[in-house]
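Input: a single structure, listed below in structure tokens.
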Amino acid sequence: MKLHLLINRSVLQSAELHYVEQLEPSLYTVKAVFILDNDGNRLLSKYYDPELYPTMKEQKNFENNVFSKTHKADNEIAFLEGMTIVYKSSIDLFFYVVGSAQENELMLMSVLNCLFDSVSHILRKNVERRCLLDNMEGVFLVVDEIIDGGVILESDSQQVLQKVNYRADDNPLTEQSVAQHLTEKLALTTNVLQSAKEQIKWSILK
């Protein structure tokens, strides 16, 4: 009888552990972000989970499936291939943010809205394919300021626009301003490394 109870307890513990593992949040809050045109062609995409569609072919197949399900739908949320997908369209562009099935839809939607509003600001409200392609450098900078490695850094479009060194009264992002932004980030990294070296040097001297 005791042996039977021990076996049952072991089975229950194993089942509970498996259930907990399934509910554990993923390291990647955002699995992917991509922008497609009205034919479903990729204009921009970033995949943050290396286990999610690791090849270009798999990614494009997924994007095609998502586009087929959403481009004529009136909803803002879709569930496909075990993923939660929030999306928004404008003229000839479709914006998508992808998370796991367990991910908070409101959180994903806040990322989508931040992305859309930031891009809209950069494109002077002309959220269409041609303008997007003309300002692709700025759009990439926006995405990188909102998400880093799948982790949400910012969901306030005003903060994002400030970080990419862009203001409402300025001209659209040029190659010079993009280069300046990258130079500033490089300088900041260099300063951090220099400070670390100084601390190590003084600790050795002590």
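The values are calculated or read from the model by the stated rules, or taken from the named source; none is laboratory data. Model, not experiment: these values are computed from the prediction. Cβ: placed from backbone, ideal geometry, glycine included. Neighbour counts: every protein chain shown. All accessible areas refer to the heavy atoms of the entire protein, side chains included, with ligands and DNA or RNA removed. Shrake-Rupley method; radii C 1.70, N 1.55, O 1.52, S 1.80 Å.
Values computed for the structure shown
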item	result
Cβ-derived FRET efficiency at R0 22 Å, Arg124 paired with Ala101, nearest 0.05	0.05
Backbone HN-Hα couplings from phi across region 38-48 [Karplus 6.51/-1.76/1.60, Hz, Gly and Pro as x]	6, 9, x, 7, 6, 10, 8, 7, 9, 10, 9
Ala32 long-range amide H proximity, modeled H, under 5 Å	Tyr48, Val98
Distance histogram for region 80-142 (every C-alpha pair counted, 5 angstrom bins, percent rounded to whole numbers)	4, 18, 27, 21, 14, 11, 4, 0
Average accessible area per residue (Å²) across region 22-154 - probe 1.4 Å, nucleic acids and ligands excluded	48 Å²
Heavy-atom accessible surface of region 27-132: percent carbon and sulfur, 1.4 Å	46 percent
Binned Cα-Cα distances of region 34-175, short to long, each 5 Å bin given as a whole percent	2, 10, 21, 23, 22, 14, 6, 2, 0
Alpha-carbon centroids, region 132-168 and region 43-116: separation in whole Å	18 Å
